[in-house]
Amino acid sequence: MEKGIKIWHAMSDPALLGTLGTFIQQTRLQQNKTQQQIATAAGINRSTIVQIEHGGGGTMLSFLQIMRALGQLQMFQHFEIKAAQLSPLQLAKMDQKKRQRARRTKEIEKPTLDW
């Protein structure tokens, strides 16, 4: 697994775009869908899909729309930020620090003007 990580780090940006484009193309072909079908489902032009499949730049929005049309949004679960695991002792300490009451706000005395 570590070897795979090194390959991803060593790839240039154009090579990464090419890999993503190949993934989209192969997923589309496995689902037996045309570029036009995916473009219609994603709400984008077919030329955008052609460009992305060939490793060309596209917008992040277009990429997300294509991934949604292909049913591949589960790939983004690796980007989810997970809350840190806290011990019961840490949770108890945090619970003690929670505010129990609100303070009364001090009213600022306004100077009276004597005319």
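FYI, it's all coordinate maths here, none of it is from the lab. These numbers come from a predicted model, not from an experiment. Using ideal geometry, Cβ is built from the backbone for each residue, glycine included, and neighbour counts are taken over all protein chains shown.
Full extension of the chain segment joining Phe23 with Gln100 gains 22.4 nm, where the gain is 0.36 nm per residue of separation less the Cα-Cα distance. For the chain, the mean residue ellipticity at 222 nm estimated from helices alone is -16000 deg cm²/dmol, where every DSSP H run of n ≥ 4 contributes -39500 (n - 2.57) and the total is divided by all residues, rounded to the nearest 500.
Residues Phe63, Phe23, Phe76 in ascending order of nearby Cβ atoms (within 10 Å, fewest first): Phe76, Phe23, Phe63. Pairwise Cα distances in the chain exceed 18 Å in 68 percent of cases. Shown for Met75, Met60, Met67: other C-beta atoms within 10 Å of each C-beta, ranked fewest to most, produce the order Met60, Met75, Met67. Available extension along the chain between Gln90 and Leu16 is 22.5 nm, counting 0.36 nm per residue and deducting the alpha carbon span. List the DSSP H helices in the chain whose Cα atoms stretch 15 Å or more along the helix axis and whose mean Kyte-Doolittle hydropathy is at least 1.6. The qualifying helices: there are none.
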